[in-house]
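To keep things clear, I will list the structure first and then write my remarks on it.
Every read-out reported here was derived from the displayed coordinates using simple, explicitly stated rules and does not represent laboratory data. Note that the structure is predicted; figures quoted are calculated from it, not measured. Here Cβ is always computed from backbone atoms with ideal geometry, including for glycine, and neighbour counts include all displayed protein chains.
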Amino acid sequence: MKDAEYSNFYVLLDEFGCLFVCFYVARLRFFFAVITSLACMGVFQGYLMVNICSTGNFIVLSYAAWLLEAVACYGGFIQEGMSRTVFTQQKVISEQREKLNREYQRSENLLHNILPHSIAERLKDEQCIAEHLKDEQCVIADYFDAITVLFSDIVDFTTISEKLSPTKLVNLLNRIFSIFDNLAEQYRLEKIKTIGDAYMVAGGVPDPQGNHLEAIADFALEMQQRLARFNLEYDEDFEIRVGIHTGPAVAGVIGVKKFVYDIWGDTVNTASRMESHGIAGKIQASENTYILLRDRYVFKERGVIDIKGKGKMKTYLLQRKKSSCPAVSA
């Protein structure tokens, strides 16, 4: 009798183990865990009926088994609910993290589209940004001994623009400037800004570039070639004036709301004058630039001209690259 009671007790332990495995180890879904545990209960009840020792033992063991079943079902229900809540929260957190990453990447791309990469990285310093927004001591400014600046504009564009609708005008400029943007990226030059139909690009900023003179010269020559292709493709007859000058300058970031990377100095003014006093369809260079590039490029001397704000200056027209010459640097 006693052995039978012990045997029944061990069977109850087995029932407890089965419930524990169904609900907490195997982590079955609540519905399947209940079905499996009820099947085990049926087996347990059948065992008690076959091996019953006494009515009292049968009632006690059955009661204990059903109590275990009820506790297991309740615990399994609570656990599944908690698991679903945790899963939902983790999913929401994961989605928010992905959204934040997308927003961060979007802001990073926007920042790098507005500013040169190295300047953007310097501005990303939190303390520097905070001080800059407060218009305090954080200033990004660099001096360069020699950079090359190029200005270009479309000849008679004001007259042309009067004949175009706003949408067509913007689309036209966008197509042309997109060509120039791709060229600037190809030659590792820094686009500074556009003002109306004027396009400004610089070589040697913000990161020193040993061949910025050649890069600007090649860029200017290819600008003309690409514009000629554009005219053929779209049946237009646009011409550009281009001016180039080499010299020292200061470059940095200005503004407290809309950051702008810009360059200042007489080099910028002279390059602008080279363009405004230039010839349609030609690339005019200052004497400084000519001296540094004459061994590698073919120039035609234009002579001395009167430059507004500068006086008499000797200028040259860049025509083409020589077939085989040593590299030059500023």
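Modelled spin labels at Lys193 and Asn113, positioned 7 Å past Cα toward Cβ, are 1.9 nm from each other. With a cut-off of 11 Å on the backbone N, the residues of the range 209-237 near the modelled label site 7 Å out from Ala280 along Cα-Cβ are 237.
Evaluate the charge dipole of the range 142-321 about its Cα centre and quote only its size in Debye, nearest 20, assuming +1 on the Cβ of each Lys and Arg and -1 on the Cβ of each Asp and Glu. Write out the running numbers ahead of the final one.
Working: 23 positive and 25 negative charges, 55 e Å.
In debye, rounded to 20, the range 142-321 gives about 260.
Report note on the peptides 156-168, 304-316, 172-184, 190-202: ranked by the mean count of other C-beta atoms within 10 Å, highest first, their order is 190-202, 172-184, 304-316, 156-168.
Of all lysines in the structure, those lying under 28 Å Cα to Cα from Lys191, and not within fewer than 8 positions of it along the same chain, are Lys124, Lys134, Lys168, Lys257, Lys258, Lys282, Lys300, Lys308, Lys310, Lys314, Lys321, Lys322. Note on Val92/Lys124: beta-carbon distance plugged into 1/(1 + (r/R0)^6) with R0 of 41 Å gives a FRET efficiency of 0.90.
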